[in-house]
Structure formats: structure tokens, C-alpha cells
Amino acid sequence: MPELILQDNIWDSYKHEDLSIHVAGQIVAANKALQGAKGLFDILPGRNDASDIQKVDWNGFMKALSGNFAVIIEGEGFLFAAVDISRTWPIFYSGESWVNLSIYDSLPINRSLTHRLNSQSVNEFFKLGFITGEETIFEGISQLQAGEYLCVDKESLTKDRFFTYTPSDTPADYSKPDVFVNQFDKLLMEKFTQLMDSFPGNNQWVVPLSGGHDSRLVVNCLKRIGVDNVVCFSYGTPGNKQSEISKRVAEAVGYKWYFIEYTEEKWKQLHDEGVIDAYIDYSFNGVSTPHFQDLLAVYELKNRSLIEDGAVFVPGHTSVSEVGFIKPDPVNREIDPIDSLMKVKELNVHPELSTRVYEKISVLNKIIGNQSHLLSENFDWQEKQAKYINNSVCVYRFFGYRFALPLWDKEVADFWLHLPCELSEGRKGLYIAEANGLLIDSLVNIPFANAMKKKKFSFKEFIKKLVPVKLINMMLMKSNYKQSNAEALNKVFALKGYTVGDVLSPIDHFPDEQRIHIKRYIHRRPYQVSVHRLARLYTLKMLFEQDKKRIQVLNTKV
């Protein structure tokens, strides 16, 4: 019988005779916010006869649900598990049949004490910062990817998708822009009203507010449906453009706004208190480089009692693609689309790894019907959005808060995927809607951060392209050069050690092949290396330390 290894504090459960339902997050069905597991049970076909549960059309059932959620349903000799279209609540599993299946909702780093590290996945994470496809870093443990579900009975184990990020073959007719704007506006108002219904009794909403479009859209929608108790925040280096615009937006709608300055000393405090290591262990989940952007800000907001204990965070993560879809180019049909994608995404980093990634992207390409012009957007959705950007919600859960991603609601995604190319490409539809009534008047004339960026010739960047990498490394090793940036994330590990080698010590825990690559960084100062790269290496350091303990335990038993 399958074993469920779940965190008690995130699942709502309901039992009816031989049927058990577990729900994480919030579900909407037929424009109604369901209240936990009992709400899902009430709309479940065959709910009153456990023998009928296996006859449910699960694909059709999942397509009718929206929201941010994960679901597990247990019946007599049957188990069903699913994640939403953006994998906001991940599910992992090991085993290949009814008798040895285990379901997990998290993969802490100490999982390596019971499951060996997959050497190929380790290499992939080392090179790319994430693990593509269904695999994880642990041998024998797989994941449900965005929009997937798993069905298991005593005879079989099958996995399928109810959603892919592909545009409709029959796009809606929006030849009249006002029709599109009105429908998009109506949909967003419905979704944000449902958001309120999904968290009954909640008093406060918290928005990480940047200078961009998506978080402003969140603030705009909350204001338009009459929500007053909203806290906005920004962070990083004082006076950065993103935070200045963020403050103007919050003040324009009358919401509280806080700025959290990021300093080396504050990040060191999080290291000293064990917060960084605990967060990496919580958020890595065997797949993704931990996302640090909001960590210090939420830590400080909580410790200074600037937000309420039961607050719900609403970041602007969105299904509205920045690139959009383009029509297929018949001229380039002879070009290998997978090879082209790997070059653009810089995935051709090692012959053996490239072959492995190529095979997994081939699976994705087959799932979307070999429509090569859709491959890039689907890759970004499945890998970058679901496994990295949306995985950032772990920071809110880590500190005990709830979250919602209304712009990743399935109905919002479906609406966008039904737009003609003329509106979806480059987010043109969003910009048209913003300028024609979607945004309230007080927000329309506040510039966006991307509109303030001016493309200038950079002599510095030009020189960097001419200087060999080895010489750049040598110059950095011998200098204390510290680059200033808006988010100040180069400060995360700045005081963890004098050099990168100190931060990652002991280096001998890393496999030989990886040590060769790490040597180029070990004499640099931590603030001279990308936080994404250093976070990836530091996560591997923690993994290898745990794996060494596993080996020591095995040797002791022998």
C-alpha cells in the first residue's frame, strides 16, 4: 500500500468511508472557491461509492479546476495525486507500483541519508542550477511536473498531463480591442474576488511590489475590489529605481509601504542564526536553486511585527508570458529545434549532460505535438517558471505565511493562451489593457521600471567581451572589487567567508570533476560571484556533507 510522507501543517484532509482526500492550497471550481478537502469531496464524481473512483475522467476533472493547489486522493486499491499548472505545491514520489510507492510533499537535504544522490542529476544541477524533466537529485525519486497527475492502482502506475502551455488552435476574435480589454478586466476582477473567498477571515494581504507590470497589476486589482488592509514592500540598495517606483505605486493607492535595506551584516545574521541553511533545506526540494530575493525582507517584516501572523502574500508571478508565441517559420524547418533551444538557453555545457538534457526536451517536444515554435515557451514554463520562479513562494511558507498566485490561475492562463499572436507576442495585449481602463487612473501615469531603462553603449561590457575569462578571474582574485546592484543580492554570502573557498569549505566533498570547475572561483570574494551560482554551489556543499554521513553510516554497519 502506498505510503504518504506529508507535512501536517500544509494539508487539509477529509475522510469519507474508504475515501481520503488531502488538499494543499486553494481550489476554485465552477467560479466558486472550494473550502479545503471537504469542498473538493463535494464535487468529486463517484464520491459516494469508492468502487467508482477509478472510473473518474481525471483529465477532464483536473481541467475544470483552477487555483494554486496540490491534491491527493486515496481509495480502496487506488491513489490519485496532482499538482496545479504552475507546480506551486510540489509532489514527489518513489517506487514503481502499488506495493512500493511513497508520496512526498518535500525533499529535505537529509533525504540523501535514505536515498543516494543521482550523479547525473548532481552534474545537471551543478551546471544549470535546476534539474530538467521529471527527475530529482535523489536516486529513484521523481516529481510531478506542472500540470501533471499520477494514477496508481494494484495493477498499474500511469502519469499524464491535463495542461500544457500551448496556445489554442482557434484563438478568440479580438479584432475590437475594447472587447478584449473588457473581458480581461472582467476575468481579473472575478479571480481576485475568488481570491478573497479562498481565504475566509483573512485580514491582511502582502504584496512584494517592484517597479514592473505584474505586481502593480496585483495592487491595482486588490484596490479595485475594495481591499484596504494591504502591505507593500520593496528591498535592496537604498534609492534603487525599482523601490522608488514601488513606493509611488503604494502611495497612489493608499497602501502601507516598507523598504527593507539589504546589508552584508543583516545577511550574516541570518547565517549565524542558521536561517540560511534551514531555508535552503526547506526550499531546494531536490530540484531548484533556492530563491533568496524575498528572504531577508520577509524575515525582517516578521521580526519587526510589520505584518500580521495570518497574512497572505500575493506576488506578481504570472502566466502572461513576456515573449509570447510566434507563428511557425516554414523557412527554418530543417533546423533542429531542440538543438537551437539548447544553444539559446546555454544548455550545451557538457557532451554527456547535453545528450541527457536533449532527450528530456525531446519528451516535452513530443507532448506539445512537435510544434517546435512553441518549445521555448513550454520549456520556460516547465523548468524556469515552475521550478525556480514559482518555487520562491517557499520563502513565505518557510516563515509560516500563506500565499496565492492569482495571475497563475488556470483560467487566466487559458485566457492568455486563447489570444491571437498579435496580442500575446511581447505582452502587447497587457500593455493595451493597462492603457485602456485596466489600471486605475492614479497608476496609469507612473512609469514602469523597464520603460525607464535606456539602452546605452557600455564600454565596460565591450571590454569584458574582449578580455579572456582566465584574465578576468585573475584580476578579481587579486582585487576587492564590489559591484553595486539594485537588489544587493551579492551581499547574501559576503561575510560568510573571506573567499568563496571559505564559504564552500571543505572543497574535498565535491566530486573531482566539479572541483576542477570550482577552482576558478575559490579565491574570489563571495560578493564577486553571482548569488545564483554561489547558492547552487552552497546547496551542493550541504548535500555532499549529508551524503558523506550516509556513507559513514553504511561503513559503520559493515
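No lab work stands behind these numbers, since they all come straight from the coordinates. As the structure is a prediction and not an experimental result, all values here were calculated from the model. Backbone-built Cβ (ideal geometry, glycine too); neighbour counts: all protein chains shown.
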Could you order peptides 79-92, 59-72 by the average number of other Cβ atoms within 10 Å of their residues, highest first?
79-92, 59-72
If you place +1 on the Cβ of every Lys and Arg and -1 on the Cβ of every Asp and Glu, how big does the dipole about the Cα centre of the range 86-241 come out, in debye to the nearest 20?
600 debye
In 10 Å bins starting at 0, how do the alpha-carbon pair distances of the range 330-370 split up by percent?
28, 54, 17, 0
So which GluC sites (Glu not before Pro) in the range 346-426 end up in coil per DSSP with only 13 or fewer other C-beta atoms within 10 Å?
E346
What is the distance, in nm, between label points placed 7 Å from the Cα along the Cα-to-Cβ direction at E273 and at E139?
3.9 nm
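List the chymotrypsin sites (Phe, Trp or Tyr not before Pro) within the range 497-547 that fall in a DSSP loop (any state other than H, G, I, E or B) and whose Cβ has at most 14 other Cβ atoms within 10 Å.
Passing both the DSSP loop test and the Cβ count: Y498.
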For F313, what residues show an amide H to amide H distance below 5 Å, using hydrogens built from the backbone and excluding near sequence neighbours?
V206, R402, F403, A404
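If you place +1 on the Cβ of every Lys and Arg and -1 on the Cβ of every Asp and Glu, how big does the dipole about the Cα centre of the chain come out, in debye to the nearest 20?
For this selection, approximately 2640 debye.
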In the structure shown, do any of K38/K387; K191/K223; K384/K496; K32/K63 have a Cα-Cα gap over 19 Å, and if so which?
K38/K387; K384/K496
Dipole axis of the range 44-127 (+1 Lys, Arg; -1 Asp, Glu on Cβ), positive-most option in A81, N59, Q120:
Q120
In the chain, if the dipole is taken from +1 on Lys/Arg beta carbons and -1 on Asp/Glu beta carbons about the Cα centre, which of S215, V179, W416 is farthest to the positive end?
S215
Per q in 0.07, 0.09, 0.11 Å⁻¹, report the Debye log10 I(q)/I(0) for the chain, using one uniform scatterer on each alpha carbon and no solvent.
-0.43, -0.73, -1.14
May I ask you to order 253-263, 102-112 by the average number of other C-beta atoms within 10 Å around their residues, highest value first?
102-112, 253-263
Lys and Arg at +1, Asp and Glu at -1: add these up for the other residues within a Cβ distance under 13 Å of H291 and post the number.
+2
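Of the DSSP beta bridges with both residues in the range 3-161, give the percent that are antiparallel, rounding to the nearest 5.
Antiparallel bridges make up about 95 percent of those DSSP assigns within the range 3-161.
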Rounded to the nearest 0.05, what FRET efficiency is calculated for T263 and S530 with R0 set to 25 Å and r the Cβ-Cβ distance?
0.85
Measuring from its Cα centre, the range 6-79 shows a charge dipole (+1 at each Lys and Arg Cβ, -1 at each Asp and Glu Cβ) which, in debye to the nearest 20, is 340 debye
Using only DSSP helix segments of four residues or longer, with each worth -39500 (n - 2.57), what per-residue ellipticity at 222 nm results for the chain after dividing by its residue count and rounding to 500?
-11000 deg cm²/dmol
Gain upon complete extension [T170, K256; 0.36 nm per residue less C-alpha separation]:
26.6 nm
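Could you calculate the FRET efficiency of L554 with S442 from 1/(1 + (r/R0)^6), where r is the beta carbon distance between them and R0 is 51 Å, rounded to 0.05?
For R0 = 51 Å, the calculated efficiency reads 0.20.
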Normalized C-alpha radius of gyration of the range 3-161, against 2.2 N^0.38 Å?
1.05
Helices from the chain with mean Kyte-Doolittle at least -0.5 and a Cα length along the axis of 30 Å or more, per DSSP H: which?
177-198
Listed residue (I367, L4, S340) projecting farthest to the positive dipole end of the chain, Cβ model
S340
